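Notes follow the structure.
What follows is calculated from the coordinates using simple rules that are stated; it is not laboratory data. Remember, predicted model here, so these are calculated numbers, not experimental data. All Cβ positions, even for glycine, are placed from backbone atoms using ideal geometry, and neighbour counts span all protein chains on display.
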């Protein structure tokens, strides 16, 4: 495995762990409840064709947010290395 693939795997593992930790918090649980309620509301209030469109919109938003989350997490890791180097903690 190349260094880039290993780094990507490492970062993805860290991110997955952080997401799972967040989901185990009270805030994460409450957000999940709100999303579940929104899903039920869509089922009750929308026509089938509207549900399909809405589901596609939510899927796109979720995918986009996930990509942003991954980028920001990776950027944070590389930024902290630069900060630690600047502070002289790392060579």
Does residue 10 satisfy the criteria of being within 23 Å of residue 70 (Cα to Cα) and over 12 Å from the mean Cα position of the chain (by Cα)? yes
Please determine whether any residue of segment 47-63 is under 23 Å from residue 13 (Cβ atoms) and within 17 Å of the chain's Cα centre (by Cα). yes
